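No lab work stands behind these numbers, since they all come straight from the coordinates. Not measured: the values here are computed from a predicted model. Note: ideal-geometry Cβ built from the backbone for every residue, glycine included; neighbour counts use all protein chains shown.
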Amino acid sequence: MGMMQEFRDFAVKGNVVDMAVGIIIGAEFGKIVTSMVSDIFMPPIGMLMGKVSFNDLFVNLSGQPVASVVDAKARGLATINYGAFITTAINFIIVAFAVFMMIKLMNRLRAQQVLNPVSGAPAPEMKACPHCLSEVPAAAKACRFCARDI
């Protein structure tokens with residue numbers, strides 16, 4: 001088998017395509033969470049803390065007077081932007097919790113699939129496809145992932 005054939009087999013496997021879709025959706029999900037934290041959660045928290053904008057919380061290391069983080073960056077001054085760090089940490093906590101809940105749901109669904117949902121009988125025995133190593137029913141004559149004969 002030539003290198004191009006091997007690459008095609010690799011690229012069209014279900015796992016690679018699923019991973020690509022997951023990465024794309026994950027990147028967009030990150031944008032949504034970032035917006036939710038910075039545009040929805042942080043303003044009310046800032047209001048409760050005395051009308052503070054977290055993006056404006058910083059420590060000026062330069063010793064020169066500056067009005068904001070934007071001003072310091074424009075002038076090339078060193079700052080510690082702890083407000084931006086707090087926002088990023090909240091983003092991480094929300095994303096980690098969402099991933100935790102998604103994995104918890106997936107594990108619950110997998111546990112329910114141990115029994116055949118139609119008959120209540122145990123799920124069919126599985127075996128690995130010798131070509132792509134995907135799990136297929138033991139009675140299968142062709143792999144549903146790589147379409148090769150087993």
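Pairs of lysine in the chain with Cα under 30 Å and at least 8 positions apart or on different chains: total?
10
Under 1.5 on a/c is rounded, so check that first for the range 47-90, then, if it is not, pick prolate when a/b is larger than b/c and oblate when it is not; a ≥ b ≥ c are the square roots of the alpha carbon gyration tensor eigenvalues.
On the way: a/c = 2.49, a/b = 1.71, b/c = 1.46.
Since a/c reaches 1.5 and a/b is larger than b/c, the shape of the range 47-90 is classed as prolate.
For the chain, the longest stretch holding no trypsin sites (Lys or Arg not before Pro) located in a DSSP loop with at most 10 other Cβ atoms within 10 Å is which? If you can, show how the numbers build up before the last one.
Details: sites that count: Lys51, Arg75, Lys141.
Segment 76-140 is the longest.
Which length gain, in nm to one decimal place, applies between Val21 and Ala89 when the Cα-Cα distance is subtracted from 0.36 nm times their residue separation? If you can, show how the numbers build up before the last one.
Working: separation 68, 0.36 × 68 = 24.48 nm, distance 2.57 nm.
That works out to 21.9 nm of additional length.
Determine, for Asp71, Asp39, the number of other Cβ atoms within 10 Å of each Cβ, and report the residues in order from fewest to most. Spell out each step's value before the answer.
Values: Asp71 13, Asp39 9.
In increasing order of surrounding Cβ atoms, one gets Asp39, Asp71.
Tell me what the chain gives for mean residue ellipticity at 222 nm when only DSSP H runs of n ≥ 4 count, each as -39,500 (n - 2.57), the sum divided by the residue total, rounded to 500 deg cm²/dmol. Please report the intermediate quantities before stating the final value.
On the way: 5 runs with 75 residues, N = 150.
That comes out to -16500 deg cm²/dmol.
What is the distance in Å between the Cα centres of the range 1-36 and the range 90-111?
Between the Cα centre of the range 1-36 and that of the range 90-111, the gap is 19 Å.
Residue by residue through the range 125-133, what is 3J(HN,Hα) from phi via Karplus (6.51 cos²θ - 1.76 cosθ + 1.60, θ = phi - 60°)? Round to whole Hz and write x for glycine and proline.
Each residue of the range 125-133 in turn: 4, 10, 9, 8, 5, x, 8, 10, 6 Hz.
Skipping prolines and chain starts, which residues have an amide H placed within reach, meaning under 5 Å, of the one on Lys127, given they are 5 or more residues away or on another chain?
Val136, Ala138
Mean Kyte-Doolittle of at least -1.0 and a Cα length of 30 Å or more along the axis: which whole DSSP H helices of the chain meet both? Kindly include the intermediate steps, with their values, before the conclusion.
On the way: long enough: 14-35 (32 Å, 1.16); 82-112 (45 Å, 1.22).
Long hydrophobic helices here: 14-35, 82-112.
Return the equivalent ellipsoid semi-axes of the chain as a descending list in whole Å, where each equals the square root of 5 times an eigenvalue of the C-alpha gyration tensor.
Value: 52, 23, 10 Å, ordered largest first.
Quick one: which residues, 5 or more positions from Thr79 or on another chain, have an amide H under 5 Å from its amide H? H modelled 1.01 Å from N in the peptide plane, none for Pro or chain starts.
So Thr79 has HN proximity to Leu61.
Got a sec? How would Met3, Met42, Met102, Met36 order by Cβ neighbour count within 10 Å, fewest to most? Present the calculation step by step, with values, prior to reporting the outcome.
Details: Met3 7, Met42 19, Met102 11, Met36 14.
Final ranking by Cβ density, sparse to dense: Met3, Met102, Met36, Met42.
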